[in-house]
1. Given only helices, namely DSSP H runs of n ≥ 4 each adding -39500 (n - 2.57), what is the per-residue ellipticity at 222 nm of the chain, to the nearest 500 deg cm²/dmol?
2. Within 10 Å, count the other beta carbons around each residue, average over each peptide in 151-157, 294-300, and list them highest first.
3. Arranged from highest to lowest average of other beta-carbon atoms within 10 Å per residue, in what order do the peptides 280-288, 184-192 appear?
4. Among rounded, prolate and oblate, which fits the chain when a ≥ b ≥ c are the square roots of the eigenvalues of its C-alpha gyration tensor, a/c under 1.5 means rounded, and a/b larger than b/c means prolate?
5. Just report the Cα centroid separation between the stretch 197-215 and the stretch 44-79, whole Å.
6. On a 0 to 90° scale, report how tilted helix 73-85 is relative to the longest principal axis of the chain, with both axes built from alpha carbons and the result rounded to the nearest 10.
7. Relative contact order for the chain using alpha-carbon pairs under 8 Å, separation at least 6, rounded to a whole percent?
8. Please state the relative contact order of the stretch 205-342 as a whole percent: Cα pairs under 8 Å, 6+ residues apart?
Ligand code: GLY
């Protein structure tokens, strides 16, 4: 698969990946190499990865606990302290080996440590490959509020090795699929249509779909790296999806949703808002709903969940001047951003979702 060129870094795949990584390490003459892992990537991915590293530079492993509940400033403080204790300096590099939590948090830790050290993302989950590791945004949650603190800083390199997916649990694969579906819905109708016969796809075709998802994301980010306009497209499904994800994360009576599971609900809800605003047809809406529900099922959302979920919308990062702003579909493969929606319409979207 061809290398993808981003603003000031490249995204390299499978067969080309490790020679590119070793070149970057050699070229930058790092003083020390730190690898950030969680307990899962330490056990399953690090042993696969280390033999590919051709470097004389000293290597240290830093492990944090897995899970969105650890993507916070306390974990960053631990990692900053460990880096300090292990003698990291401004010529050190942090390799983030893991899913979205590792690359989001690791990117933030690196971009702020000693006012910024280099980092390299090696995503090991589908979500990490098609979304979290690419685009330069990194950060952590603030309590229940997702990604409220962060920076936009690009990695030196992103290494996509799809063999890591062989050990990934099914629910994690589904979580990544949500972002791939989103990329089709917002930017490429043909790509969206590829998912109607997903069960028939073999691993080579899945690799191509992953590559294409990254191409779509990279093209959008390159047009608008700091999200002043078109990059907001990538937030389709995320306004309500993030609120649902935060609510389920904080509520003890709920089972925590994976990011993609919440975004799948958000995409159906926000497609309904698009229908109500006459931006997509009924056929399009019901096709989106049935395709997403065929993969993700229906998440139980009770009547008394709705008000607290909607209360969380006021913290959405896209809000401007205190107003909740949605990204809505404008046909399949296109969007309109900065769309205001009445609360009654949002409530009716939840009612429709359940049906
Ligand atoms: N790192 C994720 C993004 O920039 O969208």
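Computed from the coordinates by the stated procedures, all read-outs in this text should not be read as laboratory data. Everything numeric in this text was worked out from a predicted model, so none of it was measured. Using ideal geometry, Cβ is built from the backbone for each residue, glycine included, and neighbour counts are taken over all protein chains shown.
1. -14500 deg cm²/dmol
2. Those peptides, ordered most packed to least, come out 151-157, 294-300.
3. Output ranking for 280-288, 184-192: 184-192, 280-288.
4. prolate
5. 28 Å
6. Around 10 degrees separate the two axes.
7. The value is 14 percent.
8. Reported relative contact order: 25 percent.
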